[in-house]
Each structure stands twice: as structure tokens, then as C-alpha cells.
Amino acid sequence: MTSEHRFLAHRHDEWYPVARSDRLRERPLAAMLFGTPLVVFRTRTGAAAVLVDRCPHRNVPLSLGRVRGDTLQCIYHGWEFDQDGQCRAIPGLVGDVRARERRATAFACVEQQGFVWAWGEAEAAPTREPFRLPYLGERGWTTAREELDVQASLHATAENALDVPHTAFLHGGLFRSQDRARREIDVIVRRFEDRVEAEYVGESRPPGIVAKFLAPRGGNVIHFDRFLLPSVAQVEYRLGDSGLCISAVLSPLEDYRTKLFIAFSYRLPVPGWLVQPFLRTFAMRIFRQDAWMLARQTETIERFGEENYKFTEIDILGAEIYDLLRRGRIPEPSRLTAPSERTLRITV
Amino acid sequence: MTSEHRFLAHRHDEWYPVARSDRLRERPLAAMLFGTPLVVFRTRTGAAAVLVDRCPHRNVPLSLGRVRGDTLQCIYHGWEFDQDGQCRAIPGLVGDVRARERRATAFACVEQQGFVWAWGEAEAAPTREPFRLPYLGERGWTTAREELDVQASLHATAENALDVPHTAFLHGGLFRSQDRARREIDVIVRRFEDRVEAEYVGESRPPGIVAKFLAPRGGNVIHFDRFLLPSVAQVEYRLGDSGLCISAVLSPLEDYRTKLFIAFSYRLPVPGWLVQPFLRTFAMRIFRQDAWMLARQTETIERFGEENYKFTEIDILGAEIYDLLRRGRIPEPSRLTAPSERTLRITV
Amino acid sequence: MTSEHRFLAHRHDEWYPVARSDRLRERPLAAMLFGTPLVVFRTRTGAAAVLVDRCPHRNVPLSLGRVRGDTLQCIYHGWEFDQDGQCRAIPGLVGDVRARERRATAFACVEQQGFVWAWGEAEAAPTREPFRLPYLGERGWTTAREELDVQASLHATAENALDVPHTAFLHGGLFRSQDRARREIDVIVRRFEDRVEAEYVGESRPPGIVAKFLAPRGGNVIHFDRFLLPSVAQVEYRLGDSGLCISAVLSPLEDYRTKLFIAFSYRLPVPGWLVQPFLRTFAMRIFRQDAWMLARQTETIERFGEENYKFTEIDILGAEIYDLLRRGRIPEPSRLTAPSERTLRITV
């Protein structure tokens, strides 16, 4: 909407998830990145592939087609494209079908940790690996995955996911309560070149019903909220051997539409399979309340024609996330070693 | 749509109704004026207040929030604003919450004659009183109130409300009949600085079923149609001690969206409580047929990209209303004393 | 959408169908041509008439009105217009109602071969006759008529209707099969000044289930696909005395919206009344599948902001149709005598 947001949304030289692996079966899936419609499909040999969702012949969506061996076949005239976008069949045509200008546009694609990731630039060679989610596959940890479409900018979505003060209001009874006694705690904010982290010091235990699983006997829990470039919002709780880490990887569908690919990872005193249905339902309810609120926010921004935010000290990560998104990733890892650190007080 | 209409819709330095008093209870109401979304709320002490419907913090609608004592609390982070827009609470924040830039934008607001009125300019001091509807509270008079959203410009809505020739067609059987014998009558048009009035001379009695209540034994009824600045369309019938006066105060929601706040006032030979359900139902049916017609008119204007009207002598008030809206109110009352007057003939 | 298409859509000096004769009874019908809303009505004497669907008085759709004798009466104020657009009644007005500026805008209109045709320029005198559909009324021939709205440009709709390669895929089991043995045949393409024709030489019989009616004992069928200016897509099969000719006359409603007025004409060994319900159902199912595909194509063009087509040799008529539409009709019939002819091979 604003030119500033268009800029924020345009870090193309990164990996973004475009589908959950377990949802990508025989039927191709429609996806989107930076406003470009994509088709994600899996060849019969199991490889995932990502093309622009438009047949170069007569411009119909390839996602309406079907997979045939190594190719995706268009529903209209039966043209077939392989995972590089090369045209491999044009039914009816006598002679060789391959011609450069008949290619579908392809995106580099890898499958990692249960998600299909696409490189944000078409026909470009990736210059790094996708973000690696922590704890996946580690001993004692269980992971569940979800996805959610949100009508909001990537920045607003990330800020919301990592914002503490709203939980007592928007999520009311579900999470924190606005009526309980409040007390002041310290928050340490650490800014790195590629991430920002808020550590909540002295919370007696995580708020609400989650606490009952993680710390049934109380105790001081370690709580971090993090934003990591290019687009990961992460909430982590730890207590002794127990831990809960929710990572939402955000994909910029359009300027004001963001898709969350979420991994819930946890190690708890009770078996993971016992906790998972409950934890997942509970967390998704919070995510959906947030999605509803963000859609109302976006509507209001559209009605007024602009964003017009006021910031306070307790909008802890919002400005930092904005700054990180604006700068983008600094590729030299040596510069990641000197974080800046500050401490502030907040009532919870 | 046209630049002319944008101009007509922009008499901001006036009062406009934004809610019916009896509808404003504990829950805040969403409203609109000149394209700006508003929230109307009532504090626990009973005062009505009008703010821009956007929290200055993260731009979500304040109308989704709830009233707490003297303040309206945002649903997202619990920020609270008083009736002047002053920020009075920011949950989680340590220290003083008041800061000029955290204010919500406020509109001057009064409650009068059963409606909540807002001054059309934000953060401005009103320079006069709202329009006073006649007959309200007078001895023997009963008043009912309604509201209606119309997809049309304020000018088209006012013209329609005061137009006689369409009643025989659009309202057909309900009102006037196009098949009955027609005869010519005189219409005296009186133009004042701030209003225009058409008096229908020699109508045997008001048309249709309304007549049966007002003048059961026939007789010559006095009939006026009036438009009064800033935005009142008024139809009045009088016969001896009996009278019926319908005033529709028009609020410009957007260029092509107008809200009618309607007061039906009458003194009849039969008790008001007996007549009211019938009269109200009958009148609202006419208003809704008009709203339907005006929406079709607006659609057509949008399809063709412009208004393109032909005028005749019997479009009695349309051109006068346009001229009044274009000039706006002349603040010196001394200039209101010399109306111009003309007489024309119309077949009814 | 693209300026090229706007150009293509603007051959106004031609006849286009706007209604089926059997659908035009007492109630006026809303129609559209070149983005202009039209009303089609039939006077009590049986003449069809076409006006712009906007009352010149207050800009409401005349198609909401009703026919009274020789005039169409507006629903709002009862103004009446004759088939030339002349205003014939203004209820309430004392004196003569006729005034040039009160006219509704009229289009020349003829009824021919079961369709109501309008000349594409308002208030203009036609310079020729409408296209004459072949076989209608000839001995032994039966004709059925249909209409269908398609969300696509006239060019895309015509190309699709005459495209052979897609039938094996989009219409799959219904029509041609992509799995049967394929063989090469010759296609002769003949380009005239006002039309283009593709003749398929050596098809054993027409594809799919249609063949069972037309050529129950097999045999070599003659098959033509034709596009004829201004906007006729025609498919013809002949075998001895039997024949099937489907003509779709395309009306440009908007740049990306086209209406098909279809005549199915056939002479078969079995009685027409026996075949018709089946043939019509079968053909309309194909047309509806095409309409669905074209709507997906238009959506994709809109999402990407442009058409971006690749052509091959077997897109036999698409480029020719484009060229014919771009040039438009050459009025001198003497120049129609020298077609160019080329032959190409295609696998079917």
C-alpha cells in the first residue's frame, strides 16, 4: 500500500516456504510469492518443483493441470513442463517441441524440514541454504506443522506474533488475563545483524494454560521472543529439560497478505502425542484471533489510505523488525558477533 | 464521483447526525462522515462521544472495543481514550501514558432531539447549534425515529425525498395512482437564503392512504415540501389541528452514500400510539423503495462514469437544492428575510 | 485490458446480436455492447428496439421499466420513449414533452433469423445487412439456438471455439480422447479478405460421440472451421446429404466479456426433433467447459496484468483471427475473390 511497505516486501534473494511437504501429493498446489502466482508440484520420482502458475501458451493456471511422470501437464492443450520449466510435450505438434520461448518460468526449490521452499527470484541460483528450524529431529522433541493465511503485511504479522502486551486483551481468557495482579519485569533486548531477541526476565511461569503443561509445578521459565531474517517469528519457553519453541516462517504473498508456515516443537514431561492435539488446537486458536485482528487492521489501513502508527517503549520488537526488514540480510557472518543490548521494564 | 459532487459533499462546518440516541447503549457504534470512519460511544455517565474509528497505536477500529467508565478501550492492546480523544491508559507501560501524539482524533458531539450529532470538522469548535426539528415535544404531537442507508449522493437523496412526480410510478399502488384522473394544480416555490419550500395549492387531500388518517372527511390540506440547509428534507401536511411532518436529516457518509435520520411527527384525531405502527411501516416502505431506486441510479451513474440529468419545470426542487448545497449556509440571519417566490403548474 | 485488445474490440460499424427473438416478450431485456448497457424491448406491434439503458431524466435503467403500446416507460417517473428514443410522455408536465435533449439514445435494430441485432454505433445508419447464418430454413435442416456469457475477449473466445488441439484435453472423455492412437493429417488454411477457413483433410470421421449421429457407418467427413468477420465462429461437418453446422455469433460486451449467440443447424439421417435434445445438451456442455477455461485464462491475464501468448504452427486460426479483427472488414466485395492458401500437418 505505502511505498515503504512495497520496499519491505521485496527481499527476493531469500528462501520462503510455499507448501507443507505433507500436503503436496499427486495434485499440484497453487501458491503465491511477491504477488506472483506459483504452482508447486511433485514429480513421480518425489522431487518438488515450483513454476509460475501460468502456461506460456494460452495463459491458463498450470495448477489446474495434473502430474504425468516428471512433468506437469496443462489442462487446456496438454502442454507438459518439467521441473526446470522446459517444455517437453505439445500434443498435435509435428516435430521438436523444445524452444526457449516455450519455457514456463521456474523457481529454485528445495524440500527441508517438512516444508517446500522456493527461492524468491525466478530463474536464479540460490546463494545460501533455507533457514533451519531448531530442535526438529532432536531427541525427545516432537514437532507439528500448520499453515495460515493472514491479510496483513509481513511486518505487521511478525510484530503481532512477537508482541506481548496484546495477549491480555485480544486473547483475554485464553491466555493472559487483564484483571489479574500485574507486576513489573525486565526485558533484555539483544539486537544482532540478522535477528533481534527479547528475553523476559523474572516471569514466574509462562502465562495462561500453556504453563500448566510446561511448568506444572511453577518455577522460573526462560522466555525468548525472536525475529530472524529473512522472515521467522519465534517464541521459545524453556524450563529445565522441558521446552516449547514455536517458529512461524512468514511468506510474503502480497504487500498485505502473508502466509505463516508454523512449526510447533516441544519436549515435555508428558508424552508428545498426548499433548499435541491440545497444544495445536490452543495455539491455532490464538493464531486465528491474531489473523482476525490483523485483517481488521489492514482494512482500517486501506480505508484511511495509509499506516499511521504510534510507538511506545513496550512495542519492543516492532521497530527492530522494521529496521531488520528494511536493511535485509548482511551476508558477512563475522559481523553477527557483536549484538547491541538494552534493558527495559514492562508491566505484565 | 464527479468533482462537482465531491464539492457538494464537503460542507464540513455543520452538524450531522451520526446515531440514534436510543441505539447508543453500552456497545460503541461504527459510523461515518465524509468518508471518515467514526466510532460513537456513550460513557458510563451518559455522555455521547465521537472519535475517528482508528486506534492511533496499531490502526485497528476502536468500534470493536468496549466502554470502561469514561473511556473507550481498544480491543487489541487495551489502550483507553476519553471523549476528547486523550489517551488515558496503555497497559504494560511504566510511567505516564499521556502524550499528545497518542491522542485519538475527536469530533465535537451533542445529543439533541433523540439523535447524536457530530460537527463535521475534526478537533474543531462548533460555531452554531444543530438543526432543530419542529413539533418535537409539542403538546399533542407524537414522534417516531428511523434511520436508513442509501447508496446515493446527498443531493440525489434529498431531491428524491421531495419529488412529487415519481410517487405515482415508483410507489404505484402504495401512494398515488398513475391511472386515476389527473388535474392541474399550482405549486408556489419560495426560495430563502438557507432553504427552499414548495407549497401545493388546491390538492383536495394528500394522496393515497395517508389521507385516510389525516383527513378522513376530505377537505383542503396544506402541503409543503422543504429542503433546509445543511441537509434536511421535510414533507409537511396540515389540516386544521391535525398535522404530519416527516423530516429526514441527511448525513453524507461518502460521495455516493447517504444516511437518513428520520423523525416522523404527527398530531391526529386518533391517538398517536394507535397510528404509529401503521404510519411508520407505510412510510419506511416508501423510503425503502426510494433507496432501491437510488441505488440503481448510482449503479447506472457508475457504469456510465458520470451523471447526465435532463431537467424539466416539474423537477421543482432538484435544481434549487443543488444551488443551496453549492452555496452553503449564509451565516447572517438578516439576509433570510427576502425570499424569492414563483408559481408553476403541475398535473397530479 | 491491453490497448491492443481495446482496439480489437472496437469495430463498431457492424451488426451484433443482442437478444434471442424467442426471449424478447413483454418484459424489456438488459443487454450490453462495447461496455454500453442497452435495453432491448418489443413494442405491442411486435417491433424490436434498442436504446441505451439509461433514462435521460434521472439516469436509472430503462430495463427496469415496462412496455406501454409503442413506448418503453421508465419505472421512476414514468417518462416514455419510443423505438427511436423520442420522448413521448412526461407525466405531470403541462405542455409539449418533446425536446431534443430529452431523447434516449437509440441504436438501429433488426430482427433476423431468430436474433435481435443492433448496429454497433449509436444513432447511426447501418451500411449493410447483418450476417446471414447458412442452412436456416433450408429443406431438411433443423436449427436450435442458445446463448452463453463468457468472461474472455472476443478474440480468445473465437480462437477457443475453433481450436482443435484442446479438445482432446479440456473436453477429454466427452469429445476426443488423448489416449487413442494418433495420426497425422493435413489441414488446408484458406485466408480470404473477410474470413479464414481451415479444412481438415483425411479425418476418418468427426471425433467422439457426435460422429455416431452424423456418420453412423463411418466414412470420410468434410470438416471446416471458419472465422468470418465481424465475429462469427463456425464449425461445419458434412457427409453426403448429412450436415452439422454450428455458428456462434460473438457480441463484444466488454473488453474481457463476450456473449455467444449460437445456432445449431443440422440435417441428419434421423429426425431432427429426436436428435436435438441430445445434441444441444452435448454441445452446450462443451461450450460451458470452454467458458470455464476462458474465465480462468482471463483471471490469469488479470493477475499478471497482460496477455503473454506463445504461438505454434498448430494454433491454426488464432493469429489469423487476430489479424482479421485488427484489419476489420474490407467493404469492397471484389477483393474477396483471391484467398491465400497454405497446408500444414497436425497430429490428431
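The values are calculated or read from the model by the stated rules, or taken from the named source; none is laboratory data. Bear in mind that the values here come from a model prediction, so they are computed numbers and not experimental data. We place every Cβ from the backbone using ideal geometry, glycine too, and count neighbours over all the protein chains shown.
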Report task. Keeping to the stretch C:53-76, report how many residues are surrounded by 24 or more Cβ atoms within 10 Å (Cβ to Cβ) and touching a residue at least 40 places away in the same chain (Cβ under 8 Å). Result -> 4
Query raised in the report: Is one or more of the residues making up the stretch C:151-173 modelled with pLDDT of 95 or more and surrounded by fewer than 17 Cβ atoms within 10 Å (Cβ to Cβ)?
Result: no
Query raised in the report: Could we say that C:THR312 is within 7 Å of chain A (Cβ to nearest Cβ), surrounded by 15 or more Cβ atoms within 10 Å (Cβ to Cβ) and at pLDDT 90 or above here?
Result: yes
Report summary line: Of the listed residues (A:ALA122, A:ALA118), the one being modelled with pLDDT of 95 or more and part of a loop (DSSP other than H, G, I, E, B) is A:ALA122
Report task. Return the residue satisfying two criteria in turn: it lies in the stretch C:280-295 and is surrounded by fewer than 19 Cβ atoms within 10 Å (Cβ to Cβ) and not hydrophobic (A, V, I, L, M, F, W, C), and of such residues it is nearest to the other protein chains (Cβ to nearest Cβ). Result -> C:GLN289
Query raised in the report: Out of the stretch C:269-310, which residues are over 19 Å from the mean Cα position of the chain (by Cα) and among the β-branched types (Val, Ile, Thr)?
Result: C:VAL270, C:VAL275, C:THR300, C:ILE301
Report task. Please go through the stretch B:181-197 and pick out each residue that is within 13 Å of chain C (Cβ to nearest Cβ) and modelled with pLDDT of 80 or more. Result -> B:ARG183, B:GLU184, B:ILE185, B:ASP186, B:VAL187
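So that you can scan it fast, the table gives a plain yes or no per residue for (1) modelled with pLDDT under 95; (2) under 20 Å from C:ILE246 (Cα atoms); (3) not in a helix (DSSP H, G or I):
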position: C:ASP179; (1), (2), (3): yes, no, yes
position: C:GLU199; (1), (2), (3): no, yes, yes
position: C:GLY208; (1), (2), (3): yes, yes, yes
position: C:PHE213; (1), (2), (3): yes, yes, no
Query raised in the report: Is the stretch A:106-115 home to any residue that is away from chain C (no Cβ under 14 Å), free of Cβ contacts under 8 Å to residues at least 24 places away in the same chain and not in a loop (DSSP other than H, G, I, E, B)?
Result: yes
Query raised in the report: Would it be correct to say that A:ALA108 is assigned by TED's automatic domain parsing to the domain that holds A:TYR16, surrounded by fewer than 21 Cβ atoms within 10 Å (Cβ to Cβ) and either modelled with pLDDT under 95 or not polar (S, T, N, Q) (or both)?
Result: yes
Query raised in the report: Given the conditions (1) touching a Lys or Arg at 6+ places or on another chain (Cβ under 9 Å); (2) charged (D, E, K, R); (3) within 14 Å of another protein chain (Cβ to nearest Cβ), which single one is not true for B:ASP255?
Result: (3)
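One line per residue, one yes/no per condition, for (1) polar (S, T, N, Q); (2) over 22 Å from C:PHE169 (Cβ atoms); (3) in the same structural domain as A:LEU154 (by TED's automatic domain parsing):
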residue: A:PRO17; (1), (2), (3): no, yes, no
residue: A:LEU24; (1), (2), (3): no, yes, no
residue: A:LEU33; (1), (2), (3): no, yes, no
residue: A:ALA48; (1), (2), (3): no, yes, no
residue: A:ARG66; (1), (2), (3): no, no, no
residue: A:CYS74; (1), (2), (3): no, no, no
residue: A:GLN83; (1), (2), (3): yes, no, no
residue: A:ARG88; (1), (2), (3): no, no, no
Requested in this report: Sort out which residues of the stretch B:18-52 are touching a Ser or Thr at 6+ places or on another chain (Cβ under 6 Å) and touching a residue at least 60 places away in the same chain (Cβ under 8 Å), and write them in order of number.
Outcome: B:VAL52
Report task. Among the candidates B:LEU260, B:LEU244, single out the residue that is out of contact with any Lys or Arg (no Cβ under 7 Å at 6 or more places or on another chain), free of Cβ contacts under 8 Å to residues at least 60 places away in the same chain and surrounded by 15 or more Cβ atoms within 10 Å (Cβ to Cβ). Result -> B:LEU244
Query - Unique match (being away from chain B (no Cβ under 14 Å) and without any contact (Cβ under 8 Å) to a residue 24 or more places away in the chain) among A:PRO269, A:PRO277 - result: A:PRO277
Report task. Residues that are within 14 Å of another protein chain (Cβ to nearest Cβ): find the strands (runs of 3 or more DSSP E) completely inside the stretch A:1-104 holding 2 or more of those. Result -> A:29-33, A:36-42, A:48-52, A:66-68, A:71-73, A:87-89
